[in-house]
């Protein structure tokens, strides 16, 4: 019985069960084995598992407090409140629509050396200053999709939209508005016991950004237009607001091909690639693009989900590659008030590679289910800047393990897990010249480098409880926390707390 | 299945980012120049990329010519130079032909020659 | 009847007796002792004795230069002849007649003219300033006097010639001649006047000796606002090793724009590298040449308004002790005036408003020393700049090109020769700097207070010249020479 329960849990990567019965979806949410990225990336692949209409509505609190932040550009702390509503409506036995709405509001603390939003998407081409401060943020996310199966074919269309507003009300005052739209289409074919899915996506991204100073005594800092590894676009640095209004405009496409078993068990693989290019333009200077960023990713994974008696497992091998190239424009002197781009050349590159092995094991027992999820990987980051030459490289080995227990008792379901991990720095190299590098910026990069080349350990805890209020409704409470221990640099804490209603 | 998407940019990416520049002096009077030096410590002496802010020091002129390699770009060029003529006399000259954002010199090719018509101060 | 006969007889007898008496008078006589009076040009009194036995009468020839004390007499008498002095150089003659009965005596009067004196000659050197000079000539001569140049006028009096010389603003030494003539074109006196050109004091500053050390054009922030007080000034410093006099030093503003507007409009002008600078507003320190000394290393401050601004604004400065101030009187609004501070003399002002410094740094400044003979009128007449100003603009709104050409002669532009220029500094901001309003030889660079156009942080900052070993640095390039965004020298 319990094995059957587990299997049925394993059928789903997204907890989609008949609205009349939430139990299996509840359990599936706790299962590490079933979190398969192949299916997550498709608009329609979920139709191959058991699913039913559902709605989940929850409130989530997230926070972090980092003594040694991973990226000061994202601040050393954050408190976010999120309202998340997801729903799936089964149209018939072979088609469904899904939708979600997510609203988050919060504060990032002590964001420094970054006045742009979506730092990880846009680095190194962000505006930055040495003072920074807290950054308020408000974000809306919407998504919707339609999927259907017809015989051995499946297809689906979906779209996602994200709107983000980040701002600060003390000098320097960035104000960023992001509009991020994606559209996806999936199609696939079932052959034998496997499903081949192809998904293509298009992304359109726009961010308008400006930094202002309201103090009647003038600006309290200088804004820089970063161009990579401590370099900046000298011409437009300063505190003149007319030079600090920019716009990012980008688009990208991605494609993914996956194979997964119709039933839960079997071989699975995925290959995905994306290309995204974005121009960073000066709004008041004829919208001239002064930098371009080209980001290409390639990821591959292959694995197997299997079982042996009461033991279920998934193992996969994966590799991710991101290649980021940046070009800077030569802008003419703006005679007649019109600024033209004369040429541009590659100046920045960054390549990050990660490859590893991850697994998940679940052992069902009459009293509950034990789970273990180990992982190990190697990752390397290399970045350089053409002239004057700069370089940053670091690599490390990471390993983690999470062990937990799931208990289904009467109308309750409980789960808890503990996790531990370590990062071992392997090699590193930093070369930033003094010439044409603002000393404060160089210090910031050296601090960033020190953070990323430090050994660290982590420990985490997660507790989950859900009560079935009726066959239709359940109430869940999820809490997790994690601490990073950095040698000689203090600790960083992360937490999440959510309350959800499911029906 | 790799997908490479051309960037939505207006110009192709330039391969060679450097320009080999030849600077050639032109003095009134037609006397033969033996050398010229430019003091890099004076802020008004500039061979400055207006976008990157990099300011290149002038190499010593041998005769009326010197060569330097700079990043391609748009430049402000101005200097006071100590010229020594072949007869041993010396003068202080000044060039301000490209000394403001409205008067700049584009150095966009792999090789460029810049004529420097100077005035004699004393 | 007998009585009547008797009376008649008596009468007849008397008559007969009378006749008989007549028959007894001698012949009439009339003569003079001197029938020719000759006198000198000095004139004088002369007597003519008339010897006569009859009545006589005098008749003159009506000339006015002599007179007689009597016009008639009887028997002997003395006629006194008074003769006036003779100033002309020609003898004169007259005569008068003494006549009685049928007798007549003619007395001639001859007055000899003076001898022409030696020509009185002077050769004099006079200063370039306006002046009057009196020269002695022999008295007692009637002469005419004139000059051969229009810058000399003359007046005459007996024994004196006054020569009035106007100021020499020609720029060169000049010579004129005054000539005095007696009648018959006899040269009486000649005065040659050599007038030198107006020269500055030998201790007037030369280029590089008096420098603009500081311009505080932004003003001090008024708390709670984004504007500044009018506590603006310029500091000029004697960078030489000796005393200089700053009389007549002229403070000028640029004519050529150095900036490009925020919509990209700009003007181009004829090239002006070494021959001089083009200015518009001109203000001159008063003084006649040696009234305002400045010791070596010392400074003067010229304030927009010589007021104590710190009383109302703790950020601002006390300029009530400035050395000079700009005072425009009443134009659009009454300009404040500190009566204890000498006013700059306005030689030319383009704008019909009170003098100010542009607080965003759109102006450039120069100090020049015109030659002593130059005036506002001579500069505006002789030093008007000519050429064509071209204004170009490509509209960022509709992409259209606009091109206009203007005759500089119709604009308020004056070309100051290079040799007059003491110092110049160009103030601007990097985002608006388009061209240097001064020629490359005068200021090849630029300096600034504030990092961009409209930078609020510019208030309370000035541009100050670097000093090395106690001497101000001067390479005629304010990029080298000045510290931008500097703390004003008056800030404690």
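Quick note: the coordinates plus some simple rules give every number you see, no bench work behind them. If you're wondering where the values come from, they're calculated on a predicted model, not measured in any experiment. Here the Cβ is made from the backbone with ideal geometry for all residues, glycine too, and neighbour counts use every protein chain on show.
Please report the antiparallel percentage of DSSP beta bridges with both residues in chain A, rounded to the nearest 5.
Beta bridges within chain A, antiparallel portion: roughly 100 percent.
Restricting to Cα pairs below 8 Å that are 6+ residues apart, what does the relative contact order work out to for chain C? Please round to a whole percent.
Working: 1196 pairs, mean separation 58.6, N = 492.
Reported relative contact order: 12 percent.
Ranked from highest to lowest mean number of other Cβ atoms within 10 Å per residue, what is the order of the peptides C:352-360, C:242-250?
C:242-250, C:352-360
Along the three principal axes, how long is region A:268-364 when you take its alpha carbons, biggest first, rounded to the nearest angstrom?
Extents along the principal axes, in whole Å: 78, 21, 15.
Quick check: the distance between the Cα centres of region A:77-124 and region A:445-460, to the nearest angstrom?
Between the Cα centre of region A:77-124 and that of region A:445-460, the gap is 26 Å.
For chain A, count the residues as N, evaluate 2.2 N^0.38 Å, and divide the Cα radius of gyration by that value, please.
1.04
Which FRET efficiency value, to the nearest 0.05, is calculated for residue B:122 and residue C:129 with the Förster distance at 45 angstrom and r the Cβ-Cβ distance?
On the way: r = 35 Å, r/R0 = 0.78.
Once the sixth-power term is evaluated, E becomes 0.80.
On the principal axes of its Cα set, how long, how wide and how thick is region B:27-122? Give whole Å, largest value first.
Rounded to whole Å, the extents work out to 40, 25, 22 Å.
Could you list log10 I(q)/I(0) for region A:254-321 at q = 0.21, 0.23, 0.25, 0.29 Å⁻¹, which the Debye formula gives when each Cα is one point scatterer?
Evaluating at q = 0.21, 0.23, 0.25, 0.29 Å⁻¹ gives log10 I(q)/I(0) of -0.88, -0.95, -1.02, -1.15.
Rounded to the nearest 0.05, what FRET efficiency is calculated for residue C:419 and residue C:271 with R0 set to 22 Å and r the Cβ-Cβ distance?
Working: r = 19 Å, r/R0 = 0.86.
Calculated transfer efficiency: 0.70.
Determine the relative contact order of region A:2-502: mean sequence separation of Cα pairs under 8 Å and six or more apart, normalised by residue count, in whole percent.
Working: 1462 pairs, mean separation 59.5, N = 501.
Result for region A:2-502 is 12 percent.
Other chains near A:233-243: what is the mean number of their Cβ atoms within 10 Å of each residue's Cβ? Walk me through the numbers before you get to the answer.
Numbers: counts 3, 7, 9, 2, 2, 5, 5, 9, 3, 5, 2.
Per residue, the average neighbour count from other chains is 5.
Measuring from a point 7 Å past the Cα of residue B:26 along Cα-to-C-beta, which residues in region B:95-116 have an amide N at less than 18 Å?
B:95-99, B:103-107, B:112-116
Quick one: grab Rg to one decimal and Dmax as a whole number for region C:47-169, Cα atoms only, in Å.
23.7, 78
Which semi-axes, in whole Å and largest first, does the equivalent ellipsoid of chain C have when worked out from the alpha carbon gyration tensor as the square roots of 5 times its eigenvalues?
Whole-Å semi-axes of the equivalent ellipsoid: 91, 24, 22.
If each residue of separation counts as 0.36 nm, what is the full-extension length gain between residue C:261 and residue C:29 once their alpha-carbon separation is subtracted?
71.9 nm
How many Cβ atoms of partner chains, on average, are near each residue of C:287-294 if near means within 10 Å of its Cβ?
On the way: counts 0, 0, 0, 0, 0, 0, 0, 0.
So the per-residue partner count for this stretch is 0.
Just to confirm the number: angle between the C-alpha axis of helix A:439-452 and the first principal axis of chain A, 0 to 90 degrees, nearest 10?
Around 20 degrees separate the two axes.
Which residues does a label at residue A:311 reach in region A:365-407, if reach means a backbone N under 12 Å from a point 7 Å past the Cα toward the Cβ?
Inside the label zone: A:372.
What ranking do A:370, C:347, A:153 get, fewest neighbouring Cβ atoms within 10 angstrom at the top?
By the 10 Å Cβ count, ascending: A:153, A:370, C:347.
Counting only other chains, what is the mean number of Cβ atoms within 10 angstrom of the Cβ of each residue in peptide A:284-294?
Average per residue, whole number: 2.
What is region C:210-486 by shape, rounded, prolate or oblate, if you read a ≥ b ≥ c off the alpha carbon gyration tensor as root eigenvalues and call it rounded for a/c under 1.5, prolate for a/b larger than b/c, and oblate otherwise?
rounded
Quick one: of the DSSP bridges fully inside the protein assembly as shown, what percent are antiparallel, nearest 5?
In the protein assembly as shown, DSSP labels about 95 percent of beta bridges as antiparallel.
Sorted from fewest to most neighbouring beta carbons within 10 Å, what does the list C:99, A:345 look like?
Details: C:99 16, A:345 21.
Fewest-to-most ranking of C:99, A:345: C:99, A:345.
Which parts of region A:177-205 would a label at residue A:300 reach, counting a residue when its backbone N lies under 19 Å from a point 7 Å out along Cα-to-Cβ?
Of the residues in region A:177-205, A:196-199 have backbone N under 19 Å from the label point off residue A:300.
Would you calculate the separation in nanometres between label points at residue C:243 and residue A:491, each defined as 7 Å from the Cα along the Cα-to-beta-carbon direction?
It is 8.0 nm.
Modelling each spin label as a point 7 Å along the Cα-to-Cβ direction, I'd like the residue C:93/residue C:112 distance in nm, to one decimal.
Simple spin-label model gives 1.6 nm for this pair.
Taking the number of other C-beta atoms within 10 Å as the exposure measure, put A:201, A:487 in order starting with the fewest. Write out the running numbers ahead of the final one.
Working: A:201 21, A:487 11.
Lowest to highest Cβ neighbour count: A:487, A:201.
For the protein assembly as shown, what's the radius of gyration and Dmax over Cα atoms, in angstrom?
So, for the protein assembly as shown, Rg and Dmax equal 53.9, 225 Å respectively.
Based on the Cβ-Cβ distance from residue A:130 to residue A:409, what FRET efficiency comes out when R0 is 51 Å, to the nearest 0.05?
Working: r = 55 Å, r/R0 = 1.08.
With a Förster radius of 51 Å, E is 0.40.
On a C-alpha basis, how far is the centre of region A:259-299 from the centre of region A:140-189 in Å? Whole number, if you could?
Going from one Cα centre to the other spans 14 Å.
For residue A:483 and residue A:262, compute 0.36 nm times the residue count separating them, minus their Cα-Cα distance, and round to one decimal in nm.
75.7 nm
How much of the DSSP beta bridge set in region C:353-492 is antiparallel, as a percent to the nearest 5? Don't skip to the end; give the middle numbers.
Working: 18 of 19 bridges.
The antiparallel proportion sits near 95 percent.
What is the distance, in nm, between label points placed 7 Å from the Cα along the Cα-to-Cβ direction at residue A:67 and at residue C:157?
About 10.7 nm, to one decimal.
Enter the angle in degrees (range 0 to 90, nearest 10) between the Cα long axis of helix C:2-22 and the first principal axis of the Cα atoms of chain C, meaning the one along which they spread out most.
Value to nearest ten degrees: 60.
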